[in-house]
Amino acid sequence: MSVNAQKREFNVLNYGAVGNGQVDDSTAFVKAWNEACQVVEVTPTVVIPKGKTFLVQPLTFAGPCKSSNINIMLSGVIKAPDGPNNWKGKDISTWILFKDITGLNVDGSGTVDGQGKGWWDISCKINKRKGCGTLAPTTFRFRSCKHLKIRNINLINSPQTHISLLGCQDVEISSSTIQSPGNSPNTDGIHLQSSTQVSIHNMEIGDGDDCISIGDDISYINITEVNCGPGHGISIGSLGKGGGVVNVHDITVNHVNFKETTNGARIKTWQVGKGTVQHIMFSNMNFTNVKNPIIIDQYYCDVADKCGKTDTGVQISDVQYNEAFGTSQTEVAINLNCSHNFPCKNIKLNNINLTSAVPRKQVVSECNFAHGVATGVVIPKSCLELEN
């Protein structure tokens, strides 16, 4: 089939896909993508049609493409090979990889099913027997993509992380759902690494790890209108493992509902790390039965004889918590455990009202080396120290 400059749609069924959920449709997906990627004068669309279930093996959709924009209209169901036994001989880190693409739009009402249960069952986090697994496929991995939009899709049951961004710029992820069981290991909803200018909004995320995790070399992130739970909350970190130099700044998290999560708004760093985390704002947060609603933990360490003995640390500064309400499962509702070498600076608590999820119990704040101010009504009472 020749490339026609006027052709706009590339339906995978026209390239040999069957869509019965049993026949391998990978080749058809690659053919449709490769031909669409060569179109110049119009915006091409790869169509994954409604009413069909497509079984695909690990795929790579690679750019750069000739058009300034390229669409994937996902209306049907895509499902992964079922469990580790069907991945033998394949790269188990990634199921579907998008790389070096500018102007990619992934849209539609379809579902992406990672069929992760077989991977969860052998995870070392669940069963630390000989031969257990520490690595499993990420469902959607985007690498070195610019001007990326992901909208209106449903991701379920990823073997590991659902969506991963690495080295991406100008990204919008919106109006989508991500869902895996709360006991599924390492199934982060969205993980960001070495990326900038990312907007995540109007999302429903429930999984067995962080709803959203923010790694190193991250800046100008806007997260708003997210329902998180089950899961481990929204986490900046962990950062600085292996003595790495951290550079994370300008993160805004606004209008988030945390329901029965392990953490709420969390920042976590390794003792051996270096660098800075700064200009962070958490606002308009609602917590329902959350174990650690507000937490900074700068004492991550996996070498017992060195914990507390390092003279390094990540400097955390200019962090605001505004308008936070709800209930805590644990007594310590605000836990700011900062580094003795690099105390947290300019922490601000404003209009916080956290109570216990347990009847007749009280909650408290605990601080170590956390400097800043509290304004408005702050419950439990602030433990911040004034700046020197």
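The values are calculated or read from the model by the stated rules, or taken from the named source; none is laboratory data. For clarity, every value in this text was computed on a predicted model and none was experimentally measured. Reconstructed Cβ throughout: ideal geometry from the backbone, glycine too, with neighbour counts over all protein chains shown.
The residue list VAL112, VAL39, VAL77, VAL106 contains one member that is in contact (Cβ under 8 Å) with a residue 24 or more places away in the chain, more than 21 Å from the chain's Cα centre (by Cα) and under 30 Å from THR196 (Cβ atoms), which is VAL39.
For the stretch 105-152, the set of residues classified as outside any strand (DSSP E or B) and crowded, with 19+ Cβ neighbours inside 10 Å consists of GLY108, GLY110, GLY114, GLN115, GLY116, TRP119, TRP120, ALA136, PRO137, CYS145, listed by residue number. Looking only at the stretch 282-313, which residues are modelled with pLDDT of 95 or more and either acidic (Asp, Glu) or in a loop (DSSP other than H, G, I, E, B) (or both)? Within the stretch 282-313, LYS291, ASP297 qualify.
The test for being within 13 Å of the chain's Cα centre (by Cα), buried (at least 24 other Cβ atoms within 10 Å of the Cβ) and either farther than 14 Å from ASP209 by Cβ or among the small types (Gly, Ala, Ser) (or both) does not hold for GLY264.
Summed over the stretch 112-141, residues that are over 25 Å from LYS52 (Cα atoms) and charged (D, E, K, R) total 5. For the stretch 359-368, state whether one or more residues are closer than 16 Å to SER317 by Cα and in a strand (DSSP E or B). The answer is yes, given that some residue of the stretch 359-368 is closer than 16 Å to SER317 by Cα and in a strand (DSSP E or B).
Looking at VAL373, VAL277 in this structure, which one is buried (at least 24 other Cβ atoms within 10 Å of the Cβ) and under 27 Å from ASN222 (Cα atoms)? Step by step, each of VAL373, VAL277 is checked, and only VAL277 is buried (at least 24 other Cβ atoms within 10 Å of the Cβ) and under 27 Å from ASN222 (Cα atoms).
Flag set for SER195, criterion: hydroxyl-bearing (Ser, Thr, Tyr), in contact (Cβ under 8 Å) with a residue 12 or more places away in the chain and in contact with a Cys (Cβ under 7 Å, 6 or more places away or on another chain). Of the strands (runs of 3 or more DSSP E) lying entirely inside the stretch 1-104, not one carries at least 3 residues that are outside the structural domain of ILE163 (by TED's automatic domain parsing) and more than 23 Å from ASN186 (Cα to Cα).
Okay, residues lined up against (1) crowded, with 24+ Cβ neighbours inside 10 Å; (2) on the phi < 0 side of the Ramachandran plot; (3) assigned by TED's automatic domain parsing to the domain that holds VAL256:
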| position | (1), (2), (3) |
| --- | --- |
| LEU155 | yes, yes, no |
| PRO181 | no, yes, no |
| SER219 | no, yes, yes |
| SER238 | no, yes, yes |
